[in-house]
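Structure first, then comments.
The values are calculated or read from the model by the stated rules, or taken from the named source; none is laboratory data. Predicted model only: the values in this text are computed from it and were never measured. Remember, those area values only see protein heavy atoms, side chains included, never the ligands or the DNA or RNA. Shrake-Rupley method; radii C 1.70, N 1.55, O 1.52, S 1.80 Å.
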Amino acid sequence: MKKSFDIITPQEYKKLEKRLEIVYGYGFTPFGRSILAFTKQGVCFLAFEEDEEKLLYELEKTWQKAYLVRDDEKVHEYLKNIFLHKTKVNMFVKGTNFQINVWRALLSIPDAAVTTYQDIANSINKPKAVRAVASAIGSNNIAYLIPCHRVIAKSGAMSGYRWGIDRKKIILAYEALNEIDENE
DNA sequence: CTCCTACTCCTGC
DNA sequence: GCAGGAGTAGGAG
């Protein structure tokens, strides 16, 4: 269940002289309209939102040095692989050590399972850093592939989701249904 | 340094 | 049940 994960730190990214080439595009997913972007190394951005301008703005904010090339066709292939064929794809992320540790912990949550912010904090040996864990989860730029939707509050409340609580509920319900299908 | 946060716990309605 | 306060660690500027 290892997904490969190329990492760049914010410092390294700042020092980049050559502009990073990023291919992006829009497409539909089971969870609504989305933007997906990728580099040679893998998917570097995936977000849900109906408004394309907002999506593009978020992408630009995250990868400010990038040279963006639009290619909806390639993006549709990616979306099909991810949401239809459930293929594992490579990812390329920018983050601090702490964020990377948190995101790795998210990747080890089994499909359709749910965990809590406290559990994630425990699993990276920082049981007191619950709040920091939550903010690291909230800064994840690759929706769905890094399954931040599987983390809820200890109280059982859905808590927050960058792309809307309702969407979090829908994704969890969808995963639960798929699980039932596979067990039949 | 200051301010913020997708948390959690405790208290007092 | 809900509201407010404190503790808390990390990130951004």
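Note on A:Glu50 and A:Tyr67: the extension gain reaches 3.8 nm, defined as 0.36 nm multiplied by sequence separation minus the Cα-Cα distance. Ligands, DNA and RNA left out, the 1.4 Å accessible surface of chain A is 51% carbon and sulfur atoms.
Rounded to the nearest 500, what is chain A's calculated 222 nm mean residue ellipticity when only DSSP H runs of at least 4 contribute -39500 (n - 2.57) each, over all residues? My calculation for chain A gives -11000 deg cm²/dmol from helical runs alone.
One chain, two ends: A:Asn90 and A:Glu179. Fully extended at 0.36 nm per residue, the span grows by 29.7 nm beyond their Cα-Cα distance.
Sorted into 10 angstrom bins from 0, the C-alpha pair distances of segment A:5-92 split as 17, 52, 27, 4 percent. Once backbone amide H atoms are built at 1.01 Å from N, A:Ile142 has A:Leu46 as its partners under 5 Å, excluding neighbours fewer than 5 places away on the same chain.
So what is the accessible area of chain A per residue, in Å², with the probe set to 1.4 Å?
Per-residue accessible area for chain A comes out at 55 Å².
Rounded to whole numbers, the Karplus 3J(HN,Hα) couplings from phi for segment A:119-134 are 4, 5, 4, 4, 5, 9, 6, 9, x, 8, 8, 4, 5, 5, 4, 4 Hz, using 6.51 cos²θ - 1.76 cosθ + 1.60 with θ = phi - 60°, and x at Gly and Pro.
Taking all protein chains as they are arranged and a probe of 1.4 Å, the heavy atoms of A:Arg150 leave approximately 10 Å² accessible to solvent. Taking 23 Å as the straight-line reach from the Cα of A:Lys126, the lysines in range (excluding those fewer than 8 positions away in the same chain) are A:Lys2, A:Lys94, A:Lys154.
Phi angles of segment A:48-57 translate, via the Karplus equation with coefficients 6.51, -1.76, 1.60 and θ = phi - 60°, into HN-Hα couplings of 10, 3, 7, 8, 4, 5, 5, 4, 5, 4 Hz per residue; Gly and Pro are given as x. Measuring nothing but alpha carbons in chain A and taking Rh as the Kirkwood radius, the Rg to Rh ratio lands at 0.95.
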